[in-house]
Amino acid sequence: MPVEKIKHRVLIVSGTDKVYDYFVEILPQKEYYPILRATSAGEAKRVLVSSPVDILIINTPLSDEFGTDLALDLSDGRMGILIVTKNELYDQIAYKVEDQGILTITKPNSRQAFYSAVKLLATTNIRIARFEKKIQTLNEKMNDIRTVNRAKWLLIENMNMTENEAHYYIEKQAMDTRLSRREVAEHIIRSYDK
């Protein structure tokens, strides 16, 4: 059974129809959909308020600014950002934005170079999403441990239990009531925080 590809939402910011059409033609819809369009930095910001995207492609220069300020303003999020700029400006632009994780390529470029750059952003986004999910899971486990430990200390202080007895009590209550250790711990905390 074939694996369904993840579809990445894309916003192309370009003042010219020709460049927008060229980029859309290169990106296969089975992987990149929808492909939204903005013609200026201001319009791009308005589009992103209602339609978050995975990949932002900026064809410089824009009508209301060059495009680097837009990229830098949006670089704190998880979206991959690609700036397409003239060859003679590449070093200057790349130097300015690369520490923020923004990718820069030159124009004109080959279809393969453009597609490879967008693919790199897409795969990087997938990896980041996986790491964020792992971090979230670890944070939840840490919160569970903190809650159980707080309940243990309340049992030690109020019921004169040893740490081992408090631990065993929480484990036994969890098994007997078919609740998680955290839920049992929360019940204990609520009962002593009155």
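The values are calculated or read from the model by the stated rules, or taken from the named source; none is laboratory data. What you are looking at is a predicted structure, and each value in this text was computed from that prediction instead of being measured. Cβ coordinates were reconstructed from backbone atoms using ideal geometry, including for glycine residues, and neighbour counts include every protein chain displayed.
Within region 43-63, take every residue that is surrounded by fewer than 21 Cβ atoms within 10 Å (Cβ to Cβ) and among the hydroxyl-bearing types (Ser, Thr, Tyr) and give me the one that is nearest to TYR115 (Cα to Cα).
Residue satisfying both the conditions and the ranking: SER51.
Can you tell me which residue in region 19-45 is farthest from ILE83 (Cα to Cα), limited to those that are small (Gly, Ala, Ser) and not in a strand (DSSP E or B)?
GLY42
Of everything in region 64-86 that's assigned to a loop (DSSP other than H, G, I, E, B) and either within 17 Å of the chain's Cα centre (by Cα) or outside the structural domain of TYR22 (by TED's automatic domain parsing) (or both), which residue is surrounded by the most Cβ atoms within 10 Å (Cβ to Cβ)?
MET79
Go through (1) part of a loop (DSSP other than H, G, I, E, B); (2) within 22 Å of the chain's Cα centre (by Cα); (3) within 22 Å of SER110 (Cα to Cα) for PRO61 and report which single condition fails.
Unmet for PRO61, out of (1) part of a loop (DSSP other than H, G, I, E, B); (2) within 22 Å of the chain's Cα centre (by Cα); (3) within 22 Å of SER110 (Cα to Cα): (2).
I'd like the residue in region 174-186 that is free of Cβ contacts under 8 Å to residues at least 24 places away in the same chain and part of a helix (DSSP H, G or I) and, out of all such residues, is surrounded by the fewest Cβ atoms within 10 Å (Cβ to Cβ).
The residue in question is ASP176.
Of the conditions (1) within 18 Å of the chain's Cα centre (by Cα); (2) outside any strand (DSSP E or B), GLU4 fails just one. Which one is it?
Condition (1) is where GLU4 drops out.
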